[in-house]
Amino acid sequence: MHRERLATETIFDSPNHLPLYAFTALLTLLVGADLGPLLTGWLNQNGWELPVWDRSILGYRFALWAAILGGARVLYGSIDSLLDGRFGADLALAIACIAAILVGEPLVAAEVVLIGLIGECLEAVVFERTQRSVGRLVELFPKRCWRLRDGTEERVFVDELQVGDTVVVKPGGKVPVDGIIRQGTSSVDVKALTGESVPVDKRPGDAVLAGSINQLGALTIEATHLAKDTVAGRVIELTGRALQEKATLERIADRYARLFLPIVLALAAATFLVSLLAYMGPFRPETERLRLGSAIRVSIYPVLSVLVVACPCALVLATPAAVIATLGRLAGTGVLVRRVAAFERIAQVNVVAFDKTGTLTEGKLEVVDRYPLQGTSPDELLTLAATAEQGSEHPIARAILSAAKSAQLSLRPIKRLEAYPGGGILAIGQTGTILVGSRRWLQERGVPIPESFSRILQQMDESGQTAVLIAGEKVLLGALGLSDRLRPEAAGVVADLQQLGVREIAMLSGDRQAVADAIVRQLPPGVRVHAELWPQQKVEQIDRLAAETEPNQPPRTVMMIGDGINDAPALAKASIGIAVGGTDLVVESGDLLMMSEPLRPLPFLIRLSRQMLRIMRQNILIFGFGVNFVGIALIAWIWPMLAWSPEWFERGPLMAAIYHQLGSLLVLLNSMRLLMFERRMLPEAIPATRIRQTIERWSSQGTNFGDWLHDRLHDWPRSLAMLGSIGLGVWLVSGIVIIQPGEAGIVKRFGEVVTVLPPGLSMRYPWPIEQLDRIAIDRIQIVEIGFRSPEMLGRSATTMFDRSSAAGAELTWASVHQAGTQRIPEESVLITGDGGLVELLATVRFTIHDPLQFRQASTDPEGMIRAQTESILRESIASRAFLEILTVERSAIQDEVTKKLQRVCDRIVEGGLGIQLDGVTLHDLHPPQEVVPAYHEVARAIQSRDRSLNDAKAESIRTRGKALESSMSLTRAAEATSFERVTDATAVRDAFLAWKQSRTTIPRAEDIAGLLQAMSGPDAGIAPGIRWMGWQIHREQQRQIRGQLTLFRLGSEALVRVLQRRDKLLIDAMQIPGKRTLWILDPASPNLGGIPAPLPGPPAIPAMVIPSDSTTIRPNP
């Protein structure tokens, strides 16, 4: 059931997997049609409205048809494999399918086959990706070129060229043939073929190779080899041949199935014999023994359970699930896997071979050394070279200009510039002539090269540098050394590979030996160098690396990393080929493609591949074998013994089908662990890079519409099938219906109403089988009477009010109408009961509670509601007087019309209109326009009267409020003053009483202590009476002392208060005789004789005099 590549196929063949995909889709639809009624029935029980159909066609279930069709394909493939002497997982699928059909479980059989087909489709998708990647190698050749015939250039296909034809290759174009240059000189980029980092100078007589890119001038080339006979053609042939020599990866599932299937068949046979013996054998009572036919029928259920449980779904998914999870882990890392089988082999890599240019190095030249002569400074030398190279797009010129820009050098103006493709540049400026070019070109121009400088040039060549000489008029001024730079991560990656067990690391380069040696010296020791190799020699070197063996070591697995077409044969020949880059489509011939960082992910890839193999083995051994064997024991052996009824006994195969999905689920879950493998260790690639590259590829392919159309017509079956599939998918998806909240969907099938869809997601037949009419059920809908709003009509020329031309239009009767509202006079003008006319604008609000009845009752339900409302309004207006309608009857009219209209809508047709009225609103009710101005004058007078009354009432309220506020304020102030004075008096009283008590009363504790002391004195001869009298005298003395202390304290506090903020004079001299008196005078009083005026200061309190005998101020000691 899984694809195996035949020996007659080539790597560039593109097998058609469309029948496989179509067959898988057919079985998916059949299985879905069988399961659909069960699923839709369950959803309908939970509020959904989905169609339910019969599960059979022509009397047989859809699942049985799927099982027969899929089983026939699987059985045919397994029989064909058995005739070839091999069997694998397909045989297990065939046995499981037949067993499920025999036991009467066609759904189980169809499910088993469908899972196997899905696994095969996954492998086909991976194989197609590989084929497309390798097939794009042919894009090395341009599809068209310019052929020169009789002096005229003509545009032809490359396939039309013949040996001896002359072609013209313009700057930037690809060389279509191998040939000899007959006219023109240029630099040719041959990096894709030889790996040289510097374009090669070409002149008449030199050979050029197909696939090279012309850099500068136009070249006229005589073709010597075409198509597959060119070097590039041989590269493509070697690539395909090497890929065919690779052994196709034998699926792990098939490899283990060789052991798995015999064991399962043996267990099934043993289960059958044991069951047969148990039901017929001598160990069972004779009355309970079954006959042979009955015993066989009963025994077949455990056997079929064994086969169904052992269905190798887990084995089928073991490899694809791990591979897909690995590809998912690699998504966004800049690593594209072109051949999944090769990614498995990365785990066994023990030899790694690197290309140099563009792989280990960045593939970009830079100025690394300056060698000035004739007294020229290094900056002056670089300035002269950059001045001559300005305006050139040659890689050497770009490197020199970049170095000058980094050094912030100013370029000089030039008067004339002459380019000599393949030689150099001659620039004439204000300071004279400047020559920049190769050594040979300068010597041809007559510039002598000193012998001493020749040794410097030789040293530059040995160090891997490209020498660019700069000269003036017949004088050599110096040289610049240019070199390709090693990638910053290269040394670290090589060291990591060595730590991962890679035994040998080699560098294969088409560049010169000196250049290659200079690069290797920057890497960790142990890297072998192989330089000056052509593509065929790189293939031979890969063979030698793989053939070298060491004792007690596993066979060598070689991984090649390269970036050009010259590496394609080696990439294909190696066990694993990793292409670096992404701009050149040819590098996609590798097994893996590095899109962002070419070297950094390599150690991670080895670790990920090893983890993937571990996951695969776990999937197969644990979940493929272990879970299945446990399931056999549970379902086939234990279940029959525990089944409590014949019905449950016969459901064993169904339980087996359910259980066997456990292994597949565990395989998927275990494989998903690869998605998180070292998630934080590898930096993510920039998605914008891949998007930009895709856009560039599409733009380059789409520049020539004829070529694009030719490609599409060449593959018209696939294009037509793709368009048909897209159209069918869009048509099927159109059957998905989403009913919004507050809506109902009326479904009509060929014009007949079949159902009403509630809000939610529904699946219906697409148009034109079914049509959907959406009806708003919860939203209030409006029918307008007497007018039409802009939302109903759009803007109309005939409007109720024209604000630009009608003066006084703002004085409408009752409301300001929306601009653009159109009046309908035949609806709005009504006759009153007293013979007057009135204009009325109204709306009817309703909701739909029965959408089906609403749609079936009338083709125009809104028109019917409008007509009935107008009739009821005319009847109601005709029964009332004009003034009553305009004044007090408005609300009554609304309620009356609403009730009558609801009754009419419920009886107008059988079942009613299916609506519920929310109400009728009279928006505008006024006399005809001719008498409206008089009514406006009356209304204005009434409004003026009411305004005067309202103003008087407002003024009265304001006056009363102010008076009340003033009285309340006075009352609150009086209450506050009274409370303050009472509080102050209480405080003064309390203070006075406290001072009085302090002067006249001795504390009780102190009094008792004095008494005890007097009564228990040391002199025992004193009588108690005398002691009592002594205590009384002492007590009275203490009271007087407390009084004096209190008076002293009060006097001191008064003195402190008086002396605050006053000027004071302190005399610190005890010996000065005389009477001292403290005068405290008011500073504002006139000066007394002999008493100095107080110093200026803050105002003092009124003066008072304290006699000196009552208050004494002593100096400080």
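Structure data summary
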| item | result |
| --- | --- |
| The range 422-443: number of residues that are outside any strand (DSSP E or B), among the hydrophobic types (A, V, I, L, M, F, W, C) and either in the same structural domain as Leu216 (by TED's automatic domain parsing) or out of contact with any Leu (no Cβ under 7 Å at 6 or more places or on another chain) (or both) | 1 |
| Unique match (being touching a residue at least 60 places away in the same chain (Cβ under 8 Å) and surrounded by fewer than 21 Cβ atoms within 10 Å (Cβ to Cβ)) among Val475, Val468 | Val475 |
| Candidates Gly1025, Gly961, Gly919, Gly1010 - the one that is assigned to a helix (DSSP H, G or I) and in contact (Cβ under 8 Å) with a residue 24 or more places away in the chain | Gly1010 |
| Which listed residue is in contact with a helix residue (DSSP H, G or I) (Cβ under 6 Å, 6 or more places away or on another chain) and surrounded by 20 or more Cβ atoms within 10 Å (Cβ to Cβ), from Ala353, Ala322, Ala342 | Ala322 |
| Candidates Pro378, Pro320, Pro302, filtered to the one that is of a type outside the set (Asp, Glu) and touching a strand residue (DSSP E or B) at 6+ places or on another chain (Cβ under 6 Å) | Pro378 |
| For Ile561: the one exception among (1) modelled with pLDDT under 85; (2) surrounded by 14 or more Cβ atoms within 10 Å (Cβ to Cβ) | (1) |
| So Ser299, is it under 30 Å from Ala268 (Cα atoms), of a type in the set (Ser, Thr, Tyr) and touching a residue at least 40 places away in the same chain (Cβ under 8 Å) | no |
| Selection count where residues are β-branched (Val, Ile, Thr) and touching a residue at least 40 places away in the same chain (Cβ under 8 Å), scope the range 735-776 | 5 |
| Answer from Arg981, Arg1061, Arg1042 - the residue that is of a type in the set (Lys, Arg) and at positive phi | Arg1061 |
| Residues (assigned to a loop (DSSP other than H, G, I, E, B) and of a type in the set (Gly, Ala, Ser)) located in the range 829-845 | Gly833, Gly835, Gly836 |
| Those residues of the range 854-909 which are charged (D, E, K, R) and more than 60 Å from the chain's Cα centre (by Cα), in sequence order | Arg874, Glu875, Arg880, Glu884, Glu889, Arg890, Glu896 |
| Where Ala842 falls short, out of the listed (1) more than 28 Å from Pro759 (Cβ to Cβ); (2) touching a residue at least 40 places away in the same chain (Cβ under 8 Å); (3) surrounded by fewer than 18 Cβ atoms within 10 Å (Cβ to Cβ) | (3) |
| The lone exception for Ala514 - which of (1) in a helix (DSSP H, G or I); (2) touching a Pro at 6+ places or on another chain (Cβ under 9 Å) it fails | (2) |
| Residue tally, condition touching a residue at least 40 places away in the same chain (Cβ under 8 Å), surrounded by fewer than 19 Cβ atoms within 10 Å (Cβ to Cβ), within 29 Å of Thr847 (Cα to Cα) and not small (Gly, Ala, Ser), over the range 869-885 | 1 |
| Complete set of residues in the range 737-777 that are assigned to a loop (DSSP other than H, G, I, E, B) and at negative phi | Gln740, Pro741, Pro758, Pro759, Arg764, Tyr765, Pro766, Trp767, Pro768, Ile769, Ile777 |
| Any strands (runs of 3 or more DSSP E) falling wholly within the range 326-421 and containing at least 2 residues that are in contact with a Pro (Cβ under 9 Å, 6 or more places away or on another chain) | 361-372 |
| Residues that are of a type outside the set (A, V, I, L, M), at pLDDT 80 or above and closer than 12 Å to Ile1002 by Cβ, drawn from the range 1040-1054 | Gln1040 |
| Number of positions in the range 850-868 that are assigned to a helix (DSSP H, G or I), without any contact (Cβ under 8 Å) to a residue 60 or more places away in the chain and under 22 Å from Thr755 (Cα atoms) | 2 |
| Only listed residue being under 45 Å from the mean Cα position of the chain (by Cα), more than 28 Å from Gln611 (Cβ to Cβ) and modelled with pLDDT under 80, chosen from Pro525, Pro535 | Pro535 |
| Tally, over the range 428-439, of residues that are without any contact (Cβ under 8 Å) to a residue 40 or more places away in the chain, surrounded by 13 or more Cβ atoms within 10 Å (Cβ to Cβ) and farther than 11 Å from Ile470 by Cβ | 2 |
| Evaluation of Pro448 against (1) closer than 23 Å to Ser186 by Cα; (2) over 54 Å from the mean Cα position of the chain (by Cα) (one fails), failing number | (1) |
| Single residue of Thr921, Thr977 found to be polar (S, T, N, Q) and in the same structural domain as Ile885 (by TED's automatic domain parsing) | Thr921 |
| When residues of the range 493-521 are limited to those that are over 22 Å from Arg556 (Cα atoms) and surrounded by fewer than 15 Cβ atoms within 10 Å (Cβ to Cβ), the one modelled with the highest pLDDT | Arg521 |
| Selection count where residues are more than 51 Å from the chain's Cα centre (by Cα) and surrounded by 15 or more Cβ atoms within 10 Å (Cβ to Cβ), scope the range 162-172 | 2 |
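The values are calculated or read from the model by the stated rules, or taken from the named source; none is laboratory data. Not measured: the values here are computed from a predicted model. Neighbour counts run over all protein chains shown; Cβ positions are idealised from the backbone, glycine included.
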